[in-house]
1. Is it the case that the stretch 652-675 has a residue that's within 27 Å of residue 530 (Cα to Cα), surrounded by 15 or more Cβ atoms within 10 Å (Cβ to Cβ) and either at pLDDT below 95 or of a type outside the set (A, V, I, L, M, F, W, C) (or both)?
2. Select, from 556, 517, the only residue that is among the basic types (Lys, Arg) and not in a strand (DSSP E or B).
3. List the number of the failed condition for residue 241; all other conditions in (1) touching a residue at least 40 places away in the same chain (Cβ under 8 Å); (2) crowded, with 23+ Cβ neighbours inside 10 Å; (3) more than 17 Å from residue 112 (Cα to Cα) hold.
4. Quick check on the stretch 619-643: of everything there that is outside any helix (DSSP H, G or I) and in contact (Cβ under 8 Å) with a residue 60 or more places away in the chain, which residue is least open to solvent (accessible area, probe 1.4 Å)?
5. Just give me the residues in the stretch 523-560 being within 22 Å of residue 487 (Cβ to Cβ) and either free of Cβ contacts under 8 Å to residues at least 24 places away in the same chain or β-branched (Val, Ile, Thr) (or both), in sequence order.
6. Can you tell me which of 525, 514, 466, 534 is out of contact with any helix residue (DSSP H, G or I) (no Cβ under 9 Å at 6 or more places or on another chain) and crowded, with 19+ Cβ neighbours inside 10 Å?
7. Just one of (1) more than 20 Å from residue 254 (Cβ to Cβ); (2) charged (D, E, K, R); (3) open to solvent by less than 30 Å² (accessible area, probe 1.4 Å) trips up residue 323, so point out which.
Amino acid sequence: MKKWHIRKPPEQAVQNIKRGSDLSLLCARILAGRGFEAVQQVANFLQCDGLSDPFLAADMEVAAELLNRAIDKGTRICIYGDYDCDGIMATVILYSYLQQMGGDVSYRIPERTEGYGLNENAIREMHENGIQLIVTVDNGITAIEESNLIQSLGMTLVITDHHQPLSDLPKAAAIVDLHRTDDESPYRNFCGAGVALKLTAAMEGGETSMVLEQFGELAAIATIADVVELSGENRYLVQTGLQFLANTERPGLLALMKQSGLLGKALTATSVAFGLAPRINASSRFGSPTTAVQLLLSEDSEEATTLAQELDQRNTARKIEEEKILKQIQAQVWEHPEYLQSRVLLFAGRNWHHGVIGIAAARLEERFGKPAILITVEEDIARGSMRSFGEFSAFRCLDSCSKYLTKYGGHPGAGGFSLESKQIDGFRSAVEEYAREMHPIMPIFTLEADGMLYPKDLTIENISSLSVLTPFGEGNETPRFVLSHAIFADALPLSRGKHTKIRVTYGGMALDLLLFRVRPEEVFLKKGDICDFLITAETSQYMGKSKLSLMVQDYRKSGCPQAKYFSALQTYDQLCRGEAVSKAYLQAAIPNREQMVQIYQQVPTKEIAIDELYYNLMHFPEINLCRLRLSLDIFDELGLMQCDRWNDTVHRIQVNQKIDLSQSKILQKLLAQKESVS
């Protein structure tokens, strides 16, 4: 079960927005729930008129002058990018522009085997090839040692980046990073391609319309793919870029849209995020990022088709590798179930594909509701990727553990790093220490809901009105709603059983809800169960008619005491980690024999989800989630049950002899801890 937070919009704000605009009441409630209080605030959010003056960015004028002068003098320039979608798009934008302006320009993107950012070998190779000016895009802000090397070799360095700077900046002729403390830009949340786009505008004297027309679709794809906040100028950039994308003449993008099934369809930030971005990212995950650059620079439709097909094949390979990594982690969980009780999940494996560990880490974060780190070990060197959420910053965590790392970077939600393999255990301990000290109570992965949807709200007109709030993405999430007290009827297979169609009755209405990546047999609901569903809603076309599409994000039985559930879960994790808890918490957590017997009797020999078991036991007031989970651990230890920590299920094992519960080491340890605080 995930934590839900249902926003409650102030009624006065709702009325202010509704009276002063032509927005629907549903839109007004969403916006008020997200903190908007007046029409002007809404207008400022929805109606960004363009990109601000690029010269407001620190060092932007210096960077533009350096590049314009380099073009005039025939200076050999190399664009040094990054291997993700953002870095690839930023490289294509700046390389294409400089080439059009007559610059002596080349590009270089490190292979994933080289690691993120500038490196000594690449710098020396560029020097040997006669490169005089290196311009980074989507990297460079933490390249302290590398910048010193570049300077010692007599080359000039211009850095453009959007990641968080360290306390010291690299030595460079110009550093354009809107997160610099001395930057005066009115908007700072661009991705690397957005910064590159503004640099090209600066080289045009500050004019943005021409560069938007030329490169807006590339910057929009990168903005969506890099999951930066879709507010302000980013919102304008994506809105405008999607329009250019719908009418693009780039053979590479046309081929890629055809390959992903998007050609000729209405384009949204969501369709780009799931259709185009993964295929572009797959370029470097299972091959070279230059394949994607070649695709985007291609002017030949046949060549573009071949390259797009190759990226699609790489994306399929990525999915296979992702599942392989997750299965190996599942095996580790079976061996070390205590790993799941850590404040931060950390798993390491040999020769995991370094291009996939970030995606797999995100899957773990979503599955278990904790920050996640995955490390691939390749002989003496290891590389890792981290994903986080809420107040737990991935970048700050890595920064606090920097003595174990040879290189690191990132932002609050994600980070990448390298380290020596022998340092992994020390790094693991340092991560837990940081989490314990900085977050005594760890943040809970939370799904935000914009309110309740009642049967009367479920109309084509009402749901269609949400389109005015698009594009949806980071900082402007797709609206989620709660359907409360729906009656479950059935779960039917979709796509050969990979997905599920849930049928419910809601206030007399028969509804079909789509649940992706969950098989029907995994839906722990029975006919007649009264349930709450967290959904997204949109309209779609079928046989020329509009219909509602309702997608399930999470579900639970109605009446579940959420606050008690997560409080008990945190206590359970604390006890499993051996941390001290108060006497009152211990008394409420440790099960007695009678409670364990009640729990034992409710567990079938067939596998059951622990959440379903919890729902079934809610009528026993003394059995909270912590007591339930500790009891299951005790039964598992004594061979009475088998717990699957990965799938969070349990089943009873038939035994032919009487088992003494007091022999459990888990129970003995809990009772000793209780005695010590008495």
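The values are calculated or read from the model by the stated rules, or taken from the named source; none is laboratory data. As the structure is a prediction and not an experimental result, all values here were calculated from the model. Virtual Cβ from ideal backbone geometry, glycine too; neighbours counted across all protein chains shown. When the accessible area is computed, the model is the full protein with side chains, heavy atoms only, and any ligands, DNA or RNA have been set aside. Shrake-Rupley method; radii C 1.70, N 1.55, O 1.52, S 1.80 Å.
1. First pass over the stretch 652-675, keeping only residues within 27 Å of residue 530 (Cα to Cα): 652.
Still in the list and also surrounded by 15 or more Cβ atoms within 10 Å (Cβ to Cβ): 652.
If we keep only those that are either at pLDDT below 95 or of a type outside the set (A, V, I, L, M, F, W, C) (or both) too, we end up with 652.
So far as the stretch 652-675 goes, yes, one or more of its residues are within 27 Å of residue 530 (Cα to Cα), surrounded by 15 or more Cβ atoms within 10 Å (Cβ to Cβ) and either at pLDDT below 95 or of a type outside the set (A, V, I, L, M, F, W, C) (or both).
2. The match here is 517.
3. (1)
4. Looking at the filtered set, the residue picked out is 643.
5. To start, the set of residues in the stretch 523-560 that are within 22 Å of residue 487 (Cβ to Cβ) comprises 523-537, 547-560.
The answer is 523, 530, 535, 536, 552.
6. Working: 525 fails: out of contact with any helix residue (DSSP H, G or I) (no Cβ under 9 Å at 6 or more places or on another chain); 514 fails: crowded, with 19+ Cβ neighbours inside 10 Å; 466 fails: out of contact with any helix residue (DSSP H, G or I) (no Cβ under 9 Å at 6 or more places or on another chain).
Step by step, each of 525, 514, 466, 534 is checked, and only 534 is out of contact with any helix residue (DSSP H, G or I) (no Cβ under 9 Å at 6 or more places or on another chain) and crowded, with 19+ Cβ neighbours inside 10 Å.
7. That leaves (3) as the condition not met.
Each row is one residue, and each column tells you yes or no for (1) open to solvent by less than 40 Å² (accessible area, probe 1.4 Å); (2) touching a Gly at 6+ places or on another chain (Cβ under 6 Å); (3) more than 22 Å from residue 84 (Cα to Cα); (4) among the aliphatic types (A, V, I, L, M).
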| site | (1), (2), (3), (4) |
| --- | --- |
| 117 | yes, no, no, no |
| 120 | no, no, no, no |
| 135 | yes, no, no, yes |
| 155 | yes, no, yes, yes |
| 160 | yes, no, no, no |
| 181 | no, no, yes, no |
| 186 | no, no, yes, no |
| 194 | yes, no, no, no |
